[in-house]
Every structure is written in structure tokens, then in C-alpha cells.
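Down below is the structure, laid out as C-alpha cells.
The values are calculated or read from the model by the stated rules, or taken from the named source; none is laboratory data. Quick caveat, the model's predicted, so the values are computed rather than measured. Positions of Cβ are generated from backbone atoms using ideal geometry, with glycine treated the same way; all protein chains shown enter the neighbour counts.
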Amino acid sequence: MAKENTFTITFNRFYQGFSPIAASNSLTSFGNAGHASSMTNADVLNADYIVQGPGLATLTNGTEAGNVKELINFIMDKAVSADLTYGIGVTKIYPISSTSVGTPTTVTDCTDGESCINLKGNLYYFYNKTSGGEIGIFDLATTFDHDWGSTVPTGKAALQKAIHPVASKEDLMLFGNGRYTGVYTVATTTLEPTKLDFGNGHEVADVIFHANQWWIAVNSGVSGTNRNLSSIYLYDGSATTSLLSDETSVGVQRIGFLYPLNGIIYVAYQDLSSTAGYKIGYIAGRQLKPLGYFSGSLPTFAQKTLYKNTILFVSGSSIYSAGAVIEELPIQTSQIMDGGYSTVGAIACPFGTPMISSTQSTSYKLAQASGYDTTCDWKSIIVPLVNGRNIGYVDEVTVLTNTLGAAAQCDLILEYNQDSSESATKEITGENTRRHIFPVGSGTVEDLRVYLNWENGSTATPTAIREIQVKCHWVEK
């Protein structure tokens, strides 16, 4: 019987996101034909196809020509009233709607706004000054008291100059205060800014409330290019004691943020010794289990939000997604959209659409996801085409898409031999088409990967790739 000499490599199930090794090796062959070795602004959240990631549309008055003349550091992830939330920038408080940025209020002596939270009808905002930190209060109507924390409540005091993550439950507010965790109780108007002391050299990175307990992420050591020793502590929901309930040790790794979702606590953290050192994982008992890896930078407490049942977070100047849209899909990590300018501040989704602040030089903006980006690409893992003395030869490629609009286009290239050579560009386009067949004639090649590029596509009419079939045959060599 004659031995079958042809074979087809099928690329689909793109919802799997990055290969687990992609962050440390862009030429990885680890994974399967749905995994990516690299991607830029690609949306893989749909189970049936891969498509361009969302574009960005700047909000009305959302630049330096309007009301945003500085980087917005934090945006509340839920509205305080119909179509209204707030953010805090370097020096100002910003009212934000789903379409525009309102006139900001300058916070006296503020040099670095940190966070804000709505609690019992008041907006509390945390910021740093030239020396020390402070809590302000706004009645969500007309009155601001910028130095409220150090002048009004029982236990009034200035804060540390530090990052100030904050969370609430009922009438309690827990916040990071450098080496301390502070507590404010609305019912008794009592502020305890140093309620928990984690010691010299420690810093509270994030605080959340989940399952009737406070979860407190603490880093110790020097930030930057230095390793940290980190832990996640549990604290009683009543916040009346100075004793901690439990601890999950993260070891010599630095924590960026905590995020509760569907009964699970997710953690972004960094291992400084690894090229794939940025991770997102989850807490299981007293263990921290990694789920995915990413490159760029470690996101902070202000750089996380929920979108389509996945966690969106900032890394470098990009936005990543981690999770699964539905339970039937596997957990994925992917780079879904651009962050705007080169330095990204806050991300939030208070009205159901991601909002992102960013800056570059003297330019600033607050923008939200809109339409489709065209600065988008996706590369599969490397697929070996060597079988003993046999070596692969690519004959043709068939691509299945959505029904394309008139301006829709995605370009396909096959990269060969560890990306040392490539095929001619194949243009996936044509109004009302869904199947696209391209002859290739590669000559003998040792391996290949698929490269998709949407730079010639449309911001209004997407090109969604459902499946790619690469037909090959063996050549003895």
C-alpha cells in the first residue's frame, strides 16, 4: 500500500491565547495550533474566531485641549450615580461620564493622586503631598474638604507618603498606608491610619474584601530591579482586632494586585529572576498557582478591571486579558488592545466599556474601547516539518473567515525555518467572501508558523479568522 504523502496542519481554537512559553521564547513550539507565540492587540475571547482588538476613542474633553492636562492615576470601577464616576489624577479630581470628562477640581497640595472610593454617600480620595499623604472627602454634590483625614475624624492624622489602595464593605473602609493598613469606620467617624503594622521596609500593595474577610497584599524590600519578599494576609471582616487570620506566602516575588472573581482570588505578581517573570495566578488554600505569563511591567492596584468575565490589566503600554469568557473555555492570557500613549495610568470599566488613561510627553488622554484597531497581529507557535529524512513542502493555504465587508482585510504570511525566511503576502479580502485559497509552493522547509497582520484592515469592518488550513507534502532530502 502506498504511503500517504500529504498532510494538513489546521490552526483554530485561538481562544487559548498565548503559549505558556511565549513570554520567554517568541519562537516557541510548545503548545498546540491554537496557541500564539506572539500577538499585538488581538481579540481571542470569542470561541469561534480571532479578530482585531478594540480600538480607542478619546472621550469628549478627554485630552490636554479639554479637561485632561495630566495623567489620571485611578478611575473608580463603578458609577456613583447614573452615568457618573470619578477619577483622580496627579493633582485633580475628575468627574467622568460614559462619553466625556467633566471639569476637574484641583486638590490643594496634591502632588500624586492615588485612589478614591464611594462610601455611604461620600467620595473619599487619597493622595500624596510633598511630604506625607492625606485623605479628602467630597459629598458628591458641592463640598470638598481636601485635608479631612488630618483635621476632622476621631483619630485624625496625616498618612504616609505611599501608594494607597482602598476597599470597602458596609460602613468600613480599609486602605494601604505604606507599612500600615488603615481603617475608617463611618458609624463612629473613627480613623485608624496605622491599625496594622507590617514593619519597616514593607508596603501594602493592594487590599480587597471577599468572603467576609479582608485580603491584604504586602511587599517587603526595595522595588525596581530588586527582589521582594511578599505575602497575602487575611484579616477579620470586622476590622476590630490587630491580629491577622492567615497568610499565603508568595516568596521572593513582588505582588502587583489582587482581584476577586467568581469566588477566586487572582494575583498579578513578578519573579525578577525569570524572563517570563510576570504572572497571573490564583490562591488555592495557602498556595499561589500560576495561570498565565506576560511581558511588559507589573500592573498595580489601579490597573485592573473586569471585562467579558476576564480580568483586563495594564502591562507596559498594552492591555492584557486573563480568564475565560465562559466556563467551557480554558483560561487564557492574551494581549487584547493598546493602552493609548506610551505611559498608561488607570484602567476601569464603570459603564461596561474599558476606559484607559495615558500620557506621552505633554500629551494626555482618557479614551475608551471603540471599533477595531488595525495595529494588530498574531503569530502561531512554530510547527516542525521534519520527520527523519522527510522534510515539509507547503502547497497551499485555505483560510475561513466571517462574511467580509468591502474594506475588510487581513494579510497572511508563512514564516519558515525559525523565522529566517517567509512566503509572499496573501491578502485575505473580498466582499461577501468566507473561504480564501492561496497557492504557496514553499520549497522544502523545516518548520513554519502563521503570521496574521491586520494593518491594511478596517477600523469599522472586522476580518475574523475562523480557521487556517495549511496543506503540505513530504519530500525526502
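Computed values, structure above
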{"item": "Hits in region 178-188 - residues which are crowded, with 18+ Cβ neighbours inside 10 Å, farther than 17 Å from Ser231 by Cβ and without any contact (Cβ under 8 Å) to a residue 60 or more places away in the chain", "result": "Gly182, Val183, Thr185"}
{"item": "Any hit, region 390-407, residues being of a type in the set (Phe, Trp, Tyr) and outside the structural domain of Ala22 (by TED's automatic domain parsing)", "result": "no"}
{"item": "Tally of residues being under 21 Å from Ser342 (Cβ atoms) and either touching a Lys or Arg at 6+ places or on another chain (Cβ under 7 Å) or not aliphatic (A, V, I, L, M) (or both) across region 53-77", "result": "13"}
{"item": "Hits in region 48-60 (condition: in a loop (DSSP other than H, G, I, E, B) and farther than 21 Å from Gly316 by Cβ)", "result": "Asp48, Tyr49"}
{"item": "Scope region 385-437; condition in a loop (DSSP other than H, G, I, E, B), among the β-branched types (Val, Ile, Thr) and in contact with an Asp or Glu (Cβ under 7 Å, 6 or more places away or on another chain); matching residues", "result": "Thr425"}
{"item": "Residue within region 292-306 that is over 11 Å from the mean Cα position of the chain (by Cα) and basic (Lys, Arg) present", "result": "no"}
{"item": "Residues of region 202-218 that turn out to be farther than 18 Å from Arg286 by Cβ, crowded, with 24+ Cβ neighbours inside 10 Å and not β-branched (Val, Ile, Thr), as a count", "result": "2"}
{"item": "Residue check for Ala284: at pLDDT below 95, of a type in the set (Gly, Ala, Ser), under 27 Å from Ile356 (Cβ atoms) and surrounded by fewer than 19 Cβ atoms within 10 Å (Cβ to Cβ)", "result": "no"}
{"item": "Region 186-206 - residue that is among the hydrophobic types (A, V, I, L, M, F, W, C) and over 21 Å from Gly121 (Cα atoms) and, of those, nearest to the chain's Cα centre (by Cα)", "result": "Ala205"}
{"item": "Scope region 443-462; condition in a strand (DSSP E or B), over 13 Å from Asp411 (Cβ atoms) and among the β-branched types (Val, Ile, Thr); matching residues", "result": "Thr444, Val445"}
{"item": "Residue in region 215-235 that is free of Cβ contacts under 8 Å to residues at least 12 places away in the same chain, of a type outside the set (Ser, Thr, Tyr) and within 30 Å of Thr310 (Cα to Cα) present", "result": "yes"}
{"item": "Scope region 27-55; condition among the small types (Gly, Ala, Ser) and touching a residue at least 60 places away in the same chain (Cβ under 8 Å); matching residues", "result": "Ser29, Gly31, Ala33, Ala36, Ser37, Ser38, Ala42, Ala47, Gly53, Gly55"}
{"item": "Residues of region 160-198 classified as farther than 17 Å from Cys110 by Cβ and in a strand (DSSP E or B), total", "result": "21"}
{"item": "Complete set of residues in region 59-78 that are within 24 Å of the chain's Cα centre (by Cα) and free of Cβ contacts under 8 Å to residues at least 24 places away in the same chain", "result": "none"}
{"item": "Residue in region 166-182 that is closer than 27 Å to Lys365 by Cβ and of a type outside the set (Val, Ile, Thr) present", "result": "no"}
{"item": "Number of the condition not met by Ser273 [criteria: (1) surrounded by fewer than 23 Cβ atoms within 10 Å (Cβ to Cβ); (2) at pLDDT 90 or above]", "result": "(2)"}
{"item": "Test for Ser19: is it of a type in the set (Ser, Thr, Tyr) and either surrounded by 23 or more Cβ atoms within 10 Å (Cβ to Cβ) or farther than 23 Å from Ser458 by Cα (or both)", "result": "yes"}
{"item": "All strands (runs of 3 or more DSSP E) inside region 111-154 with 1 or more residues being in contact with a Cys (Cβ under 7 Å, 6 or more places away or on another chain) and either closer than 25 Å to Phe209 by Cβ or modelled with pLDDT under 95 (or both)", "result": "122-128"}
{"item": "Enumeration of residues in region 438-470 that are surrounded by fewer than 16 Cβ atoms within 10 Å (Cβ to Cβ) and more than 22 Å from Asp377 (Cβ to Cβ)", "result": "Pro439, Gly441, Gly443, Glu446"}
{"item": "Enumeration of residues in region 369-384 that are among the hydrophobic types (A, V, I, L, M, F, W, C) and assigned to a strand (DSSP E or B)", "result": "Ala369, Trp378, Val383"}
{"item": "Answer from Gly113, Gly121 - the residue that is small (Gly, Ala, Ser) and surrounded by 17 or more Cβ atoms within 10 Å (Cβ to Cβ)", "result": "Gly113"}
{"item": "Residue among Ile391, Ile382, Ile428, Ile319 that is closer than 22 Å to Asp77 by Cα, surrounded by 16 or more Cβ atoms within 10 Å (Cβ to Cβ) and touching a strand residue (DSSP E or B) at 6+ places or on another chain (Cβ under 8 Å)", "result": "Ile319"}
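For (1) in a strand (DSSP E or B); (2) outside the structural domain of Cys116 (by TED's automatic domain parsing), each residue gets a yes or a no:
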{"residue": "Ser29", "(1), (2)": "no, yes"}
{"residue": "Ala33", "(1), (2)": "no, yes"}
{"residue": "Asn46", "(1), (2)": "no, yes"}
{"residue": "Gly62", "(1), (2)": "yes, no"}
{"residue": "Glu70", "(1), (2)": "no, no"}
{"residue": "Thr85", "(1), (2)": "yes, no"}
